[in-house]
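As structure tokens, the structure follows; a few thoughts come after it.
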Amino acid sequence: MAEDTNKEIMYSETRSLSSQEAEPKLKSESETEKKQTSLSKLEEENQYIQQTLVKVLEETSALREMFNAANNELQNLKKPALIVAEVVQVMQDKAIIRLPNANKFFSHISRTVKDLRSGDNVLVDQKSLNVVEKVNTSSNFDVERFVIIDKPKETWEKVGGLPEQIKEIKEVIELPLTKPELFEKIGIQPPKGVLLHGPPGTGKTLLAKAVAQSTNATFIEVVASELVQKFIGEGAKLVKEIFDYARNKAPAIVFIDEIDALASVRMENGTSGEREVNRTFMQLLAELDGFDCMDKVKIIAATNRPDIIDPALLRPGRLDRLLEIGLPDEKGRSEILNVHTQKMNLKKVKLDELAEQMENFSGAEIKAVCTEAGYFAIREGREFVTHQDFFDAVEKVRWVDEDDEGGVIHG
Ligand SMILES: Nc1ncnc2c1ncn2[C@@H]1O[C@H](COP(=O)(O)OP(=O)(O)OP(=O)(O)O)[C@@H](O)[C@H]1O
Ligand SMILES: [Mg+2]
């Protein structure tokens, strides 16, 4: 059927051609011109179409590139994130890694990962937990951000009372830092640090700062409760970095305040928070064991609750020196009063009498009395402070103290 129709078409075309041949000559010339113009038109069109085609092809390749890029991005977004883990031990092409939740795994190391060492941070695949990449976190950087590092201004003159404690802390901390040769000659090893304990506001922080000032050591202050709460999962690592930092900046004193938050006797209730505290504490013990007595790094820890401190911390070779900083006696109170009234404009103030009245006051409360007395004078428009101002201040601070245990701010 299709062949028949083709034949018919061909036949009609030959017929029309033969009929054209039959036309007069003039007419055929104008026809040729017409055809030529339409031919050139068609050629023009053809050229134009070809140009457009080139453009379209270019556009297509640009669009293809865009599509590929978007597709890649989409694929990346669909990929599961990698877990940041810590390498505990490397064994040829495998490693023991520790995840942030403290679970440990034995994983393969990808061939692209080179020079892995324990303590490094790595990225591991979520499903297989294999190490796929090493991440470089600059150490020390964290430490500087998270702990207070300075050269304190407090001098021994600012400490009132506590003569025995000052003597002991000088022997334990100051002497090994300033005269290490003394210990070498005699052949003994000085303690690595000291644990100060006593009620709030009795001058523990003050003592630590004063000894750092007198030895010109870098003072690194860490609050143990912050170490545990703020840097969940990072506590142990931060402890390690703090000690690395201290060694770099030696002579240095690492002051760990509120150490009971970290070193209280373990309850073993197995919660992840508990494990975290334990891990941080174990790291602290490891650091204490790890450094040499003659390293120019000393540790001062402070607590209000020596009764709950884990004995592991107090074993020989760790913080085996305990120093009690108790409430000041009358002589101590009078010395503390002297320290804090030194710059005050006093008129007929009997400091000894006041010291007698302030039974059971801590150093911080005595300081608060001085401030309050100053306020009484200001309120009455005076430029000097009288004995009565102090008397009223003592009553006020005592009243605040009895009314509310946390009423006085201990710095
Ligand atoms: N013995 C002291 N001599 C002079 N000032 C003192 C003395 N004890 C305490 N103070 C004053 O009280 C403030 C608070 O003392 P400090 O911070 O040393 O107490 P703390 O024992 O560390 O208390 P906490 O256990 O609450 O941390 C000090 O800044 C200081 O001004
Ligand atoms: Mg303190």
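The values are calculated or read from the model by the stated rules, or taken from the named source; none is laboratory data. All figures in this text were calculated on a predicted structure; none of them were measured in a lab. Using ideal geometry, Cβ is built from the backbone for each residue, glycine included, and neighbour counts are taken over all protein chains shown.
Miscellaneous remarks
- Of all residues in the stretch 311-329, those that are over 29 Å from Asn248 (Cα atoms) and acidic (Asp, Glu) total 2.
- Condition met for Asn304 (at pLDDT 85 or above, near ligand 1 (Cβ under 10 Å from one of its atoms) and closer than 20 Å to Asp260 by Cβ): yes
- Scan of the stretch 326-340 for residues that are under 11 Å from Phe361 (Cβ atoms) and within 16 Å of ligand 2 (Cβ to nearest atom), ordered by number: Leu327, Pro328, Ile336
- Yes/no for Ala217 being touching a residue at least 60 places away in the same chain (Cβ under 8 Å), closer than 29 Å to Pro328 by Cβ, surrounded by 24 or more Cβ atoms within 10 Å (Cβ to Cβ) and away from ligand 2 (no atom under 14 Å from the Cβ): yes
- Close pairs from the stretch 249-265: first at positive phi, partner crowded, with 24+ Cβ neighbours inside 10 Å, Cβ under 6 Å, at least 6 apart: Glu258/Ala224
- Any chance Lys192 is surrounded by fewer than 20 Cβ atoms within 10 Å (Cβ to Cβ), modelled with pLDDT of 85 or more and more than 15 Å from ligand 1 (Cβ to nearest atom): no
- Search result, residues across the stretch 292-325 that are away from ligand 2 (no atom under 16 Å from the Cβ), in a loop (DSSP other than H, G, I, E, B) and crowded, with 17+ Cβ neighbours inside 10 Å: Asp295, Lys296, Asp310, Arg318, Leu319
- Residues (assigned to a loop (DSSP other than H, G, I, E, B) and either within 15 Å of ligand 1 (Cβ to nearest atom) or in contact with a helix residue (DSSP H, G or I) (Cβ under 6 Å, 6 or more places away or on another chain) (or both)) located in the stretch 351-373: Met358, Asn360, Phe361, Ser362
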